[in-house]
Amino acid sequence: RMAAAPPSYCFVAFPPCSRDGLVVFGKNSARPRDEVQEVVYFAAAEHDPGSKVECTYIEIEQVPKTHAVVLSRPSWLWGAEMGANEHGVCVANEAVVTREPASESEALLGMDLVRLGLERGATAKEALDVIVALLEEHGQGGNYYEDGSSCHTFQSAFLIVDRNEAWILETSGKYWAAEKITEGVKCICNQLSLTTKIDAEHPELRNYVKSQGWWNGDSDFNFSEVFSLADDHIACCSGRESLEKQGGDVSAQAMIDVLRDKDSGVCVDSESFLTTASIVSVLPQDPSFPCIHYFTGTPDPSRSIFKPFIFVDDVKLVPKVQSPSFGNDDPAKKIPRFQEKPDRRHELYKAHEWVRSLLENDQDKGQKLMRIMLDLEKQGLEAMEDILSRTEILDPAEVVDLFYDCVDTELKFFK
């Protein structure tokens, strides 16, 4: 049983650590090894009064308008591990274990809250407010994995970022605390990190922990110390050092390099877990420039390609990174759940499996292919840098097929 939370890593870098007025965000999503992640886009939408939205396990009230979002998600669930919206908000979540057992009864998953925050929040703070209000109303709980044999439950932490600021939000049940970040480099992983600098919190938080006997009210209130299991609390972040070493030059490429690093543990490849997908986002602080979001859509960033996506109207959908849909026949939707596991691999994932076997069996050929792919990635990164250094406004027609074309080119190379 995977009782330990999967060791995902999320990062954000602000000036002066990051390059020229850019906020850089990144996450490796560590999940069960065989789980498929897809990259999906949902356009902004208006909804009728009284309509509902069906999340992974429960139905909740829909809002009148949802923002356009692009998500990287385990393809069996409704929410997302990480993603962005059209307003330059990025959210990623982490499974955490606290001294409060996570609920097995089905409620909102941390991953549902990622998507709900993006669909409903036009700034990082709005997304945070959405998430904590929904936590209060519906609670969090239910199986984190597509596993019919046992229920894996966790509490949630979130990194919520926009062009101006970031919020680290950590939760235990419906209780929460958050810290605002506007400079430097921050990393969160699968354990609590908030200490005494708390910029927003659940109104009943301190009364609750006092009533539980976890804090006496005399000492400084330290969120991690109060909520972590006895000796669980250690500094987790080797990746942060690599970013700080960049000396004010953290770029998309620097973030990608950190996410690819297996020696530091940031790129997870263990018996139980694998980095099943990754994201890097570049958010210019000047709102006249577009935000750029890079997704792999495939496991293990050290042998995957980061492909750029920019929000424009009528952006071209990319079915080749979308898993097949099973509708109401999906074993994740039937009770009891997960009685079987359908094949959720999308076209890019399958092509990627072939590359993996090539890398394992014919190293020369595999390395040569990887060099070509990385060169392709570099061209994409340079083209995006060009967009961010221009004076004229971006023509949407130029990028409407951007992510589609990158995926298509990658597939052609594999064939």
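The values are calculated or read from the model by the stated rules, or taken from the named source; none is laboratory data. Please read all numbers here as calculations on a predicted model, not as lab measurements. Counting neighbours? That spans all protein chains shown, and the Cβs are built from the backbone with ideal geometry, glycine included. Ligands, DNA and RNA are stripped out before the accessible areas are found, and what is left, the full protein with its side chains, is counted by its heavy atoms. Shrake-Rupley method; radii C 1.70, N 1.55, O 1.52, S 1.80 Å.
Quick notes on this structure:
- Projected label distance in nm at LYS52 and LYS368, using a 7 Å step from Cα toward the beta-carbon: 5.8
- The value given for the range 122-253 is a Kirkwood hydrodynamic radius of 16.5 Å, derived from the mean inverse Cα-Cα separation.
- Here LYS65 sits with roughly 100 square angstrom of accessible surface, probe radius 1.4 Å.
- Computed packing ranks the peptides 248-261, 203-216 as 248-261, 203-216, most packed first, by mean other Cβ atoms within 10 Å.
- Between GLU382 and ASP330, the contour length at 0.36 nm per residue exceeds the alpha carbon distance by 14.6 nm.
- Residue of ARG344, ARG115, ARG73 that the Gaussian network model of the chain assigns the largest fluctuation, springs spanning Cα pairs under 10 Å: ARG344
- Entry comment: accessible area of the chain is 42 Å² per residue, from protein heavy atoms only and a probe of 1.4 Å.
- Computed FRET value (nearest 0.05) for ASP408 with LYS210, which takes r as the C-beta separation and R₀ as 56 Å: 0.45
- Comparing PRO290, PRO319, PRO342 in a Gaussian network model of the chain where C-alpha atoms under 10 Å apart are linked, the largest mean-square fluctuation is found at PRO342.
- The solvent-accessible area of VAL63, taken with every protein chain present and a 1.4 Å probe, is close to 40 Å².
- Computed [θ] at 222 nm, helices only, for the chain once each DSSP H run of length n ≥ 4 contributes -39500 (n - 2.57): -8000 deg cm²/dmol
- Heavy-atom accessible surface of the range 9-411: percent carbon and sulfur, 1.4 Å: 46
- Rounded D (µm²/s) - the range 282-415, Kirkwood Rh over Cα pairs, Stokes-Einstein at 20 °C, 1.002 mPa s: 126
- Separation of the ASP286 and THR182 label points, Cα + 7 Å toward Cβ, nm: 2.1
- Cut-off 18 Å (backbone N to label point 7 Å along Cα→Cβ of ASN164), residues of the range 286-303: 286-291
- Summary of the geometry: the range 81-140 and the range 297-319, compared by the centres of their Cα atoms, lie 22 Å apart.
- Spin-label pair LEU317/LEU229, simplified geometry with 7 Å Cα→Cβ offset, distance in nm: 4.3
- Hydrodynamic radius of the range 276-331 per Kirkwood, over alpha carbon pairs, in Å: 13.6
- Treating each Cα of the range 46-115 as one equal point scatterer and applying the Debye formula with no solvent, the log10 of I(q)/I(0) at q = 0.11, 0.14, 0.15, 0.24 Å⁻¹ comes out as -0.31, -0.50, -0.57, -1.18.
- Hull volume per residue, based on the alpha-carbon atoms of the chain and their convex hull, is 143 Å³.
- When the surface is traced with a 1.4 Å probe over the full set of protein chains, GLU165 keeps roughly 30 Å² accessible.
- The chain: relative contact order in percent, alpha carbon pairs under 8 Å with at least 6 residues between: 18
- If R0 equals 35 Å, the separation of the Cβ atoms of VAL63 and ASN361 corresponds to a calculated FRET efficiency of about 0.10.
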